[in-house]
Amino acid sequence: MGYHDDHQDDDDDDDSTNNNSSTNRTSKKRNVFSILTTSVDLLKECKAPEPEMSACHLFSHVLLNLFPRWEDNGFAILAKILQEEEQDTADWYNDDDDHGNHVGNTQVTREQVDIYASMLERRIKKEPLQYIIGQWDFHNCVLKVRPPCLCPRPETEELVEYVAKDIRQMIELLRIKSVGSSTCGRKVRILDVGCGTGAIGIALANMFPKDVIVSSMDVSEDAVALSVENAKFVLGDDFTLQYHHPLLCSVREYTRTHLNKEEEEEEEEEEDRFANCLFEYDVVVSNPPYIPSHDMSTLTADVVEYEDYGALCGGQDGLDVVRDIVERLPEWCKGNHHDDNDTKGQRTKRPFPAVCWMEVDTSHPRLIQSLLANNKHVEYNCEIQDLSGMDRFVKLLVKD
Amino acid sequence: MSSRHNEIMASLQSADASHNANTKELSALSPVSRLFLEFNSIVEEIDEIKELESQAEEIDDQELLEDCRDEIVNLTSRLEPIGEKMMEAVLPKNEDDYGADAVMEIRAGTGGDEACLFCSELMDAYEKIAKAMRWKFEVLSITKTDLGGVKEAAVSISGTSGGFGGGIGDDGPSLGPYGYFKFESGVHRVQRVPVNDVRIHTSAASVAVLPAPSESSNGNEMLPQSELRIETMRASGAGGQHVNTTDSAVRITHIPTGITASIQDERSQHKNRAKAIKLISARVRDKLQADEAKERGDVKNALLGGGDRSERVRTYNYPQDRITDHRCKQSDHGIEKLLAGGGNKDGLVETFAPYLRDMERKELLASIEDQEQSTKQRPGKK
């Protein structure tokens, strides 16, 4: 690659970040500004997605040990430098400072350049930034992101907010209901279907640390492992108080009704698996695979070549998993609850209907509405647009 | 002023009688009642001595007469500060001063790089103060120059008040971030020799302190969703799982006023949006209040109603090492010390704030008296 040659031209000078050598034209080549601009040109030339932003995100990640105060916002500082240089031809001052001042002139070590170069190569091959960096912000958390698990999207952050609104009301209603009773209000029970990185469930547990208990499931072992890792990363070592270990199973498998009564051995195994699960969820939330199969070929390479096909494609109309969820909802959301704190095993009725929130394809709300037209147990409540104005979220109610 | 006193006394008498009114009003009135009782008792004393005085005149006792007159002068002089305190206690208070958080926008004005460097120093000074008051200082957006200067920045200062009273007596509630910083609004001019020159340069930084609804306030203070247009970078195409862009910039436009706020320095769209909402709420609220103040004719006041943001409020003269506030006409020496002073009495804000608060009080009083004059001249029109 061309850029390698540029940097091998450098003297074998020391790899220190000694800024006093600004008068040395050679070392000026290996400063933040020149590397940043060169890499942007390179990304553009090689048709990498989002060249400017990619360079800023990747490079700021590499430079973190030089500018620890940047935390996760370094990319914005580099972005401004890029913009400024396009308009401004002012002379550079030489000074060192850890406030992120004189960023453009800060010297970069050869090692850092190499790390950056290998990241650029991956981006040129269209790999998602989140995978290259290994983590990304979601809602109010930072999550580890690894292939093939789906990189959380901004729409899903909106989903979290809508669900959170309902959860707040539920917490309040449960508190009111517990006034005067011998036990204090129980926690809101959430099921995150197809948890992936764990994003939705973990974000909710993070918002309501004392008031919810989250269960989750995914068909992918990678997703289960990553969700556990993220739960620990975000919620701490005692995360199991808020976030149960995810189940490795499909929607269809997560049931106690025995569909196949002939195979008794399997029956027993499955019964053991879910024996301790209270199928009394207040909130079922999901970002299931929802892309219709005919749309899969329209996706850009960074999505379709790197992210889990199974996390994206929802069958012919995209509704395969949604249909499975709808079928399971009545069983999952039984209305008579065990109270967490009541040892007598008494059951109290839930003072609100259970809800199911899902992120779906734009084509789905109408289809789901007709799907539920004759359903006695699950009722279509509403659809909500995302910030781009597209139909994106549906809310269903589970009738007792 | 004495007629105003009589009016207050009359209203207080009736208020005193209705002690059964709700406790909030009661607690608001009780410092006033105390003052009122004190005031009253001195007035009674003066009356008694005036009687004695007229008696002394009759019997032509010069010594007694002089004693009486001295005593009257003495007692009358005690009346005035009490009267002022009562005035202060019954003056309508700006709720924002106590309950509102602040959004502070700092912008470099004329002077190029020098102005930007000064902006950065001002921002550091304010951050120190906010931290000393135990408030949260959160940068919403910032544009820095490569020399370490700040071209422009928007900052949110939030939290419960840190214990600085703003009144003559400290019985009242403490100022919140907005009430504390509000007098910093305006143009700060700096005169100094920059690092690369020998001549004195003049540059400027403009500061705007806007009230922002605090986190704990109810949703009523927030702008209604229907008035906002929120734009993201995912405008075209299917969106959702189809696309994996990491450009999370958010731009919000308040449709009725056309005011915008855009934030793009967080990796999560959720965080960018939250910051943008904070910023735009403050800007819109500020504009609406400024419009109201203009209608009320507050513009002539230097401080009441927010003052004129484009007016020069302070000069920082480095060669003479002196800061002058042009509104209260006060100066202080030791610029570095003032900038580093934090929230205590030596700090940038507290050095001038007492005078400015006093000025504002007087302006408020004058405007109330003006209003009363005009209603008196139009009897029957309420």
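The values are calculated or read from the model by the stated rules, or taken from the named source; none is laboratory data. Values in this document were obtained by computation on a predicted structure and should not be read as measured data. Cβ atoms come from the backbone with ideal geometry, glycine included; neighbour counts cover every protein chain shown. For the accessible areas, the whole protein counts, side chains as well, though only heavy atoms, and no ligand, DNA or RNA atoms are used. Shrake-Rupley method; radii C 1.70, N 1.55, O 1.52, S 1.80 Å.
A few points about this structure:
- Index of the failed condition, B:Ser120 passing every other in (1) away from chain A (no Cβ under 14 Å); (2) under 30 Å from B:Gln269 (Cα atoms); (3) in a helix (DSSP H, G or I): (1)
- In the stretch B:134-146, the residues that are surrounded by 19 or more Cβ atoms within 10 Å (Cβ to Cβ) and more than 10 Å from A:Lys80 (Cβ to Cβ): B:Trp135, B:Phe137, B:Leu140, B:Ser141
- Only residues that are at pLDDT 90 or above and either in contact with a Cys (Cβ under 6 Å, 6 or more places away or on another chain) or in a loop (DSSP other than H, G, I, E, B) (or both) were counted across the stretch B:163-192, and they come to 1.
- Residues satisfying the stated conditions in the stretch B:259-270, i.e. open to solvent by 50 Å² or more (accessible area, probe 1.4 Å) and either hydroxyl-bearing (Ser, Thr, Tyr) or free of Cβ contacts under 8 Å to residues at least 12 places away in the same chain (or both): B:Thr260, B:Ser262
- Leading residue by the ranking (farthest from A:Asp282 (Cα to Cα)) among those in the stretch A:145-181 that are facing another protein chain (nearest Cβ under 9 Å) and of a type in the set (D, E, K, R): A:Arg153
- Taken over the stretch A:66-76, the residue count meeting the criterion of being at the interface with chain B (Cβ under 7 Å from one of its Cβ atoms) and either under 12 Å from B:Ile142 (Cβ atoms) or over 25 Å from the mean Cα position of the chain (by Cα) (or both) is 2.
- Subset of the stretch A:129-145 (residues that are in contact with a strand residue (DSSP E or B) (Cβ under 9 Å, 6 or more places away or on another chain) and under 19 Å from A:Asp302 (Cα atoms)): A:Leu129, A:Gln130, A:Gly134, A:Gln135, A:Trp136, A:Asp137, A:Lys144, A:Val145
- For the stretch A:283-303, filtering for residues that are more than 10 Å from chain B (Cβ to nearest Cβ) and open to solvent by 20 Å² or more (accessible area, probe 1.4 Å) leaves 4.
- For beta carbons closer than 9 Å, sequence separation of 6+ or different chains, a first residue in the stretch A:211-224 that is on the phi < 0 side of the Ramachandran plot and assigned to a strand (DSSP E or B) and a second that is of a type in the set (Asp, Glu) and crowded, with 20+ Cβ neighbours inside 10 Å, the qualifying pairs are A:Val212/A:Asp282; A:Val214/A:Asp192; A:Ser215/A:Asp192; A:Ser216/A:Asp192; A:Met217/A:Asp192; A:Asp218/A:Asp192.
- Output for the stretch B:197-221, where each listed residue is within 14 Å of chain A (Cβ to nearest Cβ) and modelled with pLDDT of 75 or more: B:Asp197
- Here B:Arg229 passes the criteria (1) more than 31 Å from the chain's Cα centre (by Cα); (2) at pLDDT 90 or above; (3) exposed (fewer than 13 other Cβ atoms within 10 Å of the Cβ) except the one numbered (1).
- Once the stretch A:50-59 is narrowed to residues that are at the interface with another protein chain (Cβ under 10 Å from one of its Cβ atoms) and open to solvent by 10 Å² or more (accessible area, probe 1.4 Å), the residue that is farthest from A:Leu129 (Cα to Cα) is A:Glu52.
- Checklist (1) modelled with pLDDT under 90; (2) within 24 Å of B:Gln264 (Cβ to Cβ); (3) not hydrophobic (A, V, I, L, M, F, W, C) applied to B:Tyr126, failing item: (1)
- Residues located in the stretch B:238-253, provided they are more than 9 Å from chain A (Cβ to nearest Cβ) and either buried (at least 21 other Cβ atoms within 10 Å of the Cβ) or in a loop (DSSP other than H, G, I, E, B) (or both): B:Ala249, B:Ile252
- Here A:Asp137 fulfils each of the conditions (1) within 14 Å of chain B (Cβ to nearest Cβ); (2) in a loop (DSSP other than H, G, I, E, B) apart from (2).
- The residue list A:Leu63, A:Leu42 contains one member that is more than 13 Å from chain B (Cβ to nearest Cβ), closer than 22 Å to A:Gln135 by Cβ and modelled with pLDDT of 65 or more, which is A:Leu63.
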